Amino acid sequence: SPYLDRPADIQAPLDGDIRAEVAIIGGGYTGLSTALALHEAGVSSVVLERHFCGFGASGRNAGHLTPTICKDLPTAKMLFGRDAAVELVRFADHCVERTEQAISDYGIECDYQPTGNIMAVVHRSQESRLRLATQAASALGARTHFVEAGEMRERGLPKAFLCGAIEEAGGTLHPGRLVLGLRRAALERGIRIFEQTPVTGVEAATPMRVVATGGTVSAERVLMATNAYAPEVGRPGERLCPLYITLFETAPLSDAQLAGIGGWQGREGIYTAHESMETFRLTAGRTIIGGSKDVQYFYDCRPHNHGGDADARKMSVIHAFRERFPELADLPIARCWAGWCGFTLNFLPVVGRDPDNEAFYYSVGYNGHGVAQATAIGGLLADLMTGRRNRWQDVICRKPAYMPPKPLRYLSVKALLGVVNGVDRNVDRR
């Protein structure tokens, strides 16, 4: 990932057996935000991170801060009913607001550009469905409106994006600086972080026992905050699928190149109205970052067995970028990278407390919307652990969606990906 390098002050690995009130597995947005919220509540915690904080999805994502939840709001209404969908809209807005508050509270310079994100039409066949989805979202209370072609041009957005629907909350940011800002805030508050510390398992006992390569942590409560890597550690990894996503960044655009694509004055984030969307955003350094499209799923469900720059350079989204931005045909691709998204069958994160073990908590599976949700979830988790009632507890702490065992899981997910990728290829051909 171009977003962050190995920190100069990388924290020492766990060496020996220690005790803590709360042990947090994973040093990304979820783990760090929870550690900070627990600190504010007067509860001490330790964070165990396999590499360094932000190495996973928190430091690899495309950098869109959005109030998107579920697959989309019509899907949320269909799956959970209208009343629940309304509450999910409010929760999604809360997540954006809480992330904005964290950026302010901790003084994080992460190039946050609060101009919203636009789901854009690239072929007229996508327009009517997106209009209906926008109307349905507005009826549920979402802050969104349809952006007609004239407004798209007034905003200076590239011509390949014909019209679209804007999510007015949120915007784009530098995800690496966000996670490193949370890490800095945690270290400044004396929160113990053990980096270079792979966790190999969690033992249900009293107290709970987290087993790592260099030692153990005995804790009153344990939080699994590893997102797509949860299947490699333990529960609730059986409730999600790790999807492999590739991204790229271009070289900086010249003045003429930027003018040639329209100017993109507000630097709104863009994702296309495909089933497996393409994402694009213009950074402060005048590069374009893009990703997603044709996501992959592997039978072994183990993220560390796959990945790397060589895989990323083969990705179809670079071809899509060339089609969407013909004016930039000579603009080099500067770098490529890959990361893992935790996918669940009901498109909602798996958040809450293990019904079989009241000392074990988890929050994983953000379905590509983790910048806002994972950063905001720390306050909810801290409240759950300290017995305080939280406004959003009943909204998002749901029974996890069933995930079939591995052979059926692989066939089901591959079939689903085959359908959505086929629909998208048909649109692209047209």
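Quick check on the range 389-412. Is at least one of its residues closer than 16 Å to Thr34 by Cβ, of a type in the set (Gly, Ala, Ser) and not in a helix (DSSP H, G or I)?
Filtering the range 389-412 down to residues closer than 16 Å to Thr34 by Cβ leaves 390, 392-393, 396-397.
Still in the list and also of a type in the set (Gly, Ala, Ser): none.
No, the range 389-412 has no match at all.
Criterion first (open to solvent by 10 Å² or more (accessible area, probe 1.4 Å) and either free of Cβ contacts under 8 Å to residues at least 12 places away in the same chain or of a type in the set (Gly, Ala, Ser) (or both)) does Ala35 satisfy it? Outline the logic, then answer.
On the way: open to solvent by 10 Å² or more (accessible area, probe 1.4 Å): no; either free of Cβ contacts under 8 Å to residues at least 12 places away in the same chain or of a type in the set (Gly, Ala, Ser) (or both): yes.
Answer is no for this residue.
From the list Arg60, Arg19, which residue is crowded, with 21+ Cβ neighbours inside 10 Å and of a type in the set (D, E, K, R)?
Details: Arg19 fails: crowded, with 21+ Cβ neighbours inside 10 Å.
Result: Arg60 is the single residue among Arg60, Arg19 that is crowded, with 21+ Cβ neighbours inside 10 Å and of a type in the set (D, E, K, R).
Could you please find all residues in the range 218-257 being in contact with a Leu (Cβ under 8 Å, 6 or more places away or on another chain) and in a helix (DSSP H, G or I)?
Correct list: Ala228, Ala230, Pro231, Gln257.
Could you please give the count of residues in the range 387-411 that are exposed (fewer than 15 other Cβ atoms within 10 Å of the Cβ) and polar (S, T, N, Q)?
Pass one, the range 387-411, residues exposed (fewer than 15 other Cβ atoms within 10 Å of the Cβ): 387-389, 391, 393-394, 399, 402, 404-408, 411.
Now narrow it down to the ones that are polar (S, T, N, Q): 393.
Result for the range 387-411: 1.
If the requirement is being open to solvent by 10 Å² or more (accessible area, probe 1.4 Å) and without any contact (Cβ under 8 Å) to a residue 12 or more places away in the chain, which of these qualifies: Ala251, Ala256, Ala204, Ala284?
Working: Ala251 fails: without any contact (Cβ under 8 Å) to a residue 12 or more places away in the chain; Ala204 fails: without any contact (Cβ under 8 Å) to a residue 12 or more places away in the chain; Ala284 fails: without any contact (Cβ under 8 Å) to a residue 12 or more places away in the chain.
When all the criteria are applied, what remains is Ala256.
Across the range 172-199, which residue is most open to solvent (accessible area, probe 1.4 Å) among those that are over 19 Å from Gln373 (Cα atoms), under 24 Å from the mean Cα position of the chain (by Cα) and not aliphatic (A, V, I, L, M)?
Arg184
The values are calculated or read from the model by the stated rules, or taken from the named source; none is laboratory data. Just so you know, these numbers come straight off a predicted model, no measurement behind them. Neighbour counts are summed over all protein chains in view; Cβ atoms, including those assigned to glycine, are modelled from backbone coordinates with ideal geometry. For accessibility, only protein heavy atoms count, side chains too; no ligands or nucleic acids. Shrake-Rupley method; radii C 1.70, N 1.55, O 1.52, S 1.80 Å.
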